[in-house]
Amino acid sequence: GSADITATLDGVNVAGRFTIDALAPPTDHAPVPTRPAADVLSVFSNAYTNWPVDTFSPDWEDATVSNLRIAGDDVKVYNIPTALDVAVIEFAAQTINASNMTHIHIDVWQPRGTFFGMHLFSFGPDGVFSGEPAPKGDDSQGIVAVQPPVLQFNQWVGIDIPLSSFTAAGLQETAHLAQVVLRSDSIQLIVDNIYFYNGGN
């Protein structure tokens, strides 16, 4: 729900008001993935064995993450302060080789907003971070945005993005992926079932 906060000082009304929105999470979990495990490289999902992730929220980012169970299923809840902030899932210690994969999947639930964006960040052929400002050296990244009507609100939306869309947006290679970066202007973003997969032809 929503609440308006007002104040008085010695019986005098203080100008202005502050509105607080309390956002309730969904009561149903995201659809259970059905793709064969042999075709999947999972970052986060109860349905598969997950890749070793360094962190779902590095210390240097402004977004915060919490864990939540919805109908027995684990999800990640991100609070992203502004549309300029990002939520970072990092696996730099053991980068992902997705060169045999064709797509990345994510289930998203958000109560509002105008877009959802995803970056893929690669350390490049040498497999080592080249430093700031990123991307630098042989590092590269690509971002893909999803907008309404594909993006729906207050319901789970399964998003499948071809990896070729990221390479078209600047990602140079997918053999040394180090980060999945999430963007949204929704403030609250709930995600589940983040995985790369080979969709064949």
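The values are calculated or read from the model by the stated rules, or taken from the named source; none is laboratory data. Because the structure is a prediction, the values reported are computed rather than measured. Counting neighbours? That spans all protein chains shown, and the Cβs are built from the backbone with ideal geometry, glycine included. Please note that ligands, DNA and RNA were not included when accessible areas were found on the heavy atoms of the full protein model with its side chains. Shrake-Rupley method; radii C 1.70, N 1.55, O 1.52, S 1.80 Å.
Quick notes
- Hey, Ser130 in a helix (DSSP H, G or I), at pLDDT 95 or above and either surrounded by fewer than 16 Cβ atoms within 10 Å (Cβ to Cβ) or of a type in the set (Asp, Glu) (or both) or not: no
- Candidates Tyr48, Tyr78, filtered to the one that is in a strand (DSSP E or B), under 30 Å from Gly127 (Cβ atoms) and modelled with pLDDT of 90 or more: Tyr78
- One residue stands out in segment 125-173 among those that are in contact with an Asp or Glu (Cβ under 6 Å, 6 or more places away or on another chain) and in contact (Cβ under 8 Å) with a residue 60 or more places away in the chain: the one that is farthest from Glu90 (Cα to Cα), namely Trp156.
- Filter pass, Ile104 being among the hydrophobic types (A, V, I, L, M, F, W, C), out of contact with any helix residue (DSSP H, G or I) (no Cβ under 9 Å at 6 or more places or on another chain), at pLDDT 95 or above and crowded, with 17+ Cβ neighbours inside 10 Å: no
- Residue within segment 19-30 that is closer than 26 Å to Gln172 by Cα, of a type in the set (Gly, Ala, Ser) and in a loop (DSSP other than H, G, I, E, B) present: no
- Checking the stated criteria, Asp192 turns out not to satisfy the condition of being open to solvent by 50 Å² or more (accessible area, probe 1.4 Å), within 18 Å of Val43 (Cβ to Cβ) and outside any loop (DSSP other than H, G, I, E, B).
- Odd one out for Lys76 among (1) open to solvent by 60 Å² or more (accessible area, probe 1.4 Å); (2) of a type in the set (Lys, Arg); (3) touching a strand residue (DSSP E or B) at 6+ places or on another chain (Cβ under 9 Å): (1)
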